[in-house]
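Laboratory data are not the source of any read-out in this text; all were calculated from the coordinates shown. Every value quoted in this text rests on a predicted model; they were computed, and no experiment measured them. All Cβ positions, even for glycine, are placed from backbone atoms using ideal geometry, and neighbour counts span all protein chains on display.
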Amino acid sequence: MDVDPDGWFANWTVQMRKGLLDFCILRALEGGECYGYALVKMLVAIPGLGVAEGSMYPLLSRLKKQGWVTTRLVESEEGPARKYYRLTDQGRRLAGEMADYFAVLSAGVEGLGRTALDELKTSEENSESDLKS
């Protein structure tokens with residue numbers, strides 16, 4: 001039996017990945033400059049992110065146009081020149097802000113189930129206590 005016959009979950013995951021991809025690229029570049037293919041390999045290794053190599057280069061180009069990354073071309077003895085990407089100061093600040101926001105959001109989402117359960121238990125305990133009085 002198909003739990004999601006209308007594809008809602010699949011659409012939701014696509015939207016989630018789109019929203020996270022810029023953040024993941026900036027976070028990866030916080031570790032230092034990186035050439036495009038190595039960046040793709042790093043992101044492909046993240047379970048569920050679903051990065052396609054062909055979609056990375058337009059994103060990197062957009063991030064460059066925004067002023068968040070810069071590039072430099074380095075000749076390679078093993079093939080064509082490699083384009084290295086590096087965060088600008090503005091990109092580094094943005095990556096930090098995004099990381100802070102993501103940490104708060106993740107903690108809040110993770111706490112939802114526990115908080116709701118704790119509140120329910122407290123409410124039930126208070127109700128039982130009131131009944132005994």
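Annotations for the structure displayed:
- Acute angle (nearest 10 degrees) that the helix 8-30 long axis makes with the longest principal axis of the chain, alpha-carbon atoms: 60 degrees
- Equivalent ellipsoid dimensions for the chain as semi-axes, Å, which come from the Cα gyration tensor, largest first: 44, 19, 11
- By the count of other C-beta atoms within 10 Å, a proxy for reagent exposure, Lys83, Lys18 are ordered fewest to most as Lys18, Lys83.
- Put the Cα centre of segment 53-91 next to the Cα centre of segment 1-45 and the gap is 18 Å.
- Net charge of neighbours whose Cβ lies under 9 Å from the Cβ of Tyr85, counting Lys and Arg as +1 and Asp and Glu as -1: +3
- For segment 62-76, backbone phi angles converted through the Karplus equation (6.51, -1.76, 1.60; θ = phi - 60°) give residue-by-residue couplings of 5, 4, 5, 4, 6, x, 8, 9, 10, 10, 8, 9, 10, 5, 10 Hz, Gly and Pro being listed as x.
- Extension gain, Asp100 to Ala10, is 29.7 nm, computed as 0.36 nm per intervening residue step minus the present C-alpha separation.
- The mean sequence separation of alpha-carbon pairs under 8 Å and at least six residues apart, normalised by the residue count of segment 8-132, gives a relative contact order of 24 percent.
- Percent of Cα-Cα distances greater than 21 Å, calculated over segment 35-111: 42 percent
- Helix-only CD estimate at 222 nm, as mean residue ellipticity for the chain, using -39500 (n - 2.57) per DSSP H run (n ≥ 4): -23500 deg cm²/dmol
- Amide hydrogen proximity for Tyr35: with H placed 1.01 Å from N in the peptide plane, the residues at 5 or more positions away or on another chain lying under 5 Å are Tyr85.
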